[in-house]
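Below is one structure; the comments refer to it alone.
The values are calculated or read from the model by the stated rules, or taken from the named source; none is laboratory data. Predicted model only: the values in this text are computed from it and were never measured. Here the Cβ is made from the backbone with ideal geometry for all residues, glycine too, and neighbour counts use every protein chain on show.
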Amino acid sequence: MSTRPTPLNWLSIATLGFVWGGTFMVIEIAIEGFTPLQVAAGRSLLGALTLLAVCAATGRSLPRLSDPRGGTIWLCAIAMGLLSTAVPFFLISWAQTRVSSAFAGVSMAMIPLVVLPLAHAFVPGERLTRRRLAGFGLGFAGTALLVGGGAFASTGAGGELWGRLACLLAVVSLASGAIITRLCPPTRVLPLAAASLLVSALLMVPVALLIDGWPGPSGAAPLAALTFLGIVPTALMIWLRTTVIRSAGPSFMTLTNYQVPVWSILFGALVLDEPIPVQLPAALALILAGLAVSQWRPRAPAA
């Protein structure tokens, strides 16, 4: 059955959009001292340790295999760790060495357009209606207008085509992870999010050590950026993201992706003194219209 988003759900996606809007800028700092694979592994490890510490402090344990549906929950956690964190973390970090941050931002806005047909096929109550499709289309149009045609212009960087393909693969991976998060059997959200990050860390850390070895001296700024990435956008926001998907559904959760470029531009203006695009008001109008259309539901007739 479809779930009507609550005010807390709306506040949650606003928080996610705000935090993730600044994440691309922080990743740029982190990859100045670490390889993309080290950034992905470090985020997963720090995120897992953070949520495991929260679980210990609150007296919550990870799902037990002996519990009813425990095996299924762990299979979902493994898939979530792979599709929602390990794979996209690496792909996005690697892609940002070859594509512009604008292209990375607009590619993330494609996530709702991938989630819609997947949710229609696999998630009860998440039907692909014309109204919902129109709303998400308006949101994507607003994002594309905001980022501008320059997002698709060639930067001349080596391997740029592969970088763009990596962004698109990250989109498909994140969308698939959102569907699995929703379909996971009933369980506590915090242990589920911690288990998924633990799986991601167990996958990524050995691979990073095998391929890139131990990180060398990175400098204070990249180290601080990686620490921030692991605790805030990874641990806390994945906990919040999992909560929203479980309560309001994957399609609603993807509304976050249209906010990310807006916050990215505002952070660029405030922190890096970058100019604000003149098309920002029109883009915001399209994005807000998309939010309204996609979430509008006619009132039930009075009994």
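Being in a loop (DSSP other than H, G, I, E, B) and either more than 18 Å from the chain's Cα centre (by Cα) or under 15 Å from Ser200 (Cα atoms) (or both) is the filter here, so list the residues in segment 89-99 that pass it.
Restricting attention to segment 89-99, the residues satisfying the condition of being in a loop (DSSP other than H, G, I, E, B) are 96-99.
Result: Thr97, Arg98, Val99.
In segment 34-43, is there at least one residue being farther than 20 Å from Val205 by Cα and among the hydrophobic types (A, V, I, L, M, F, W, C)?
no
Any idea which residue in segment 20-44 is surrounded by the most Cβ atoms within 10 Å (Cβ to Cβ), counting only those that are aromatic (Phe, Trp, Tyr) and under 16 Å from the mean Cα position of the chain (by Cα)?
Going through the qualifying residues, I end up with Phe24.
Hey, among Thr129, Thr50, which residue is β-branched (Val, Ile, Thr), farther than 26 Å from Ala193 by Cβ and more than 16 Å from the chain's Cα centre (by Cα)?
Working: Thr50 fails: farther than 26 Å from Ala193 by Cβ.
The conditions single out Thr129.
Residues that are in contact with a Gly (Cβ under 9 Å, 6 or more places away or on another chain), surrounded by 20 or more Cβ atoms within 10 Å (Cβ to Cβ) and either at positive phi or at pLDDT below 80 (or both): does segment 114-130 have at least one? Working first, answer last.
Taking segment 114-130 as the starting set, the residues that turn out to be in contact with a Gly (Cβ under 9 Å, 6 or more places away or on another chain) are 119, 123, 125-126.
Among the residues that remain, those that are also surrounded by 20 or more Cβ atoms within 10 Å (Cβ to Cβ) are: 119, 126.
Now drop any that are not either at positive phi or at pLDDT below 80 (or both), which leaves 126.
Yes, the conditions are met somewhere in segment 114-130.
Against the definition (of a type in the set (Ser, Thr, Tyr), more than 19 Å from the chain's Cα centre (by Cα) and surrounded by fewer than 22 Cβ atoms within 10 Å (Cβ to Cβ)), how does Thr15 come out, yes or no? Show your work before the answer.
Values: of a type in the set (Ser, Thr, Tyr): yes; more than 19 Å from the chain's Cα centre (by Cα): no; surrounded by fewer than 22 Cβ atoms within 10 Å (Cβ to Cβ): yes.
When the stated conditions are applied, Thr15 does not pass them.
Test of understanding: among Gly59, Gly71, which residue is at positive phi and more than 17 Å from the chain's Cα centre (by Cα)? I'd like the intermediate steps shown before the answer.
Numbers: Gly71 fails: at positive phi.
Exactly one residue qualifies, and that residue is Gly59.
Condition first: crowded, with 24+ Cβ neighbours inside 10 Å, modelled with pLDDT under 85 and not charged (D, E, K, R). Can you find one or more residues in segment 67-89 that meet it?
yes
Okay, residues lined up against (1) free of Cβ contacts under 8 Å to residues at least 24 places away in the same chain; (2) assigned to a helix (DSSP H, G or I); (3) of a type in the set (D, E, K, R):
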position: Ser12; (1), (2), (3): no, yes, no
position: Gly47; (1), (2), (3): no, yes, no
position: Ala53; (1), (2), (3): yes, yes, no
position: Ser66; (1), (2), (3): yes, no, no
position: Trp74; (1), (2), (3): no, yes, no
position: Val87; (1), (2), (3): no, yes, no
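Among the helices (runs of 4 or more DSSP H) confined wholly to segment 175-253, which include 1 or more residues that are crowded, with 24+ Cβ neighbours inside 10 Å and at pLDDT 90 or above?
Output list reads 189-212, 220-229, 237-248.
Just give me the residues in segment 100-113 being at pLDDT 80 or above and among the hydrophobic types (A, V, I, L, M, F, W, C), in sequence order.
Filtering segment 100-113 for residues at pLDDT 80 or above gives 111-112.
Selection gives Ile111 alone.
Inspect segment 22-38 for any residue being at pLDDT below 90, closer than 30 Å to Ala119 by Cα and part of a loop (DSSP other than H, G, I, E, B) and give the result as yes or no.
Yes, some residue in segment 22-38 is at pLDDT below 90, closer than 30 Å to Ala119 by Cα and part of a loop (DSSP other than H, G, I, E, B).
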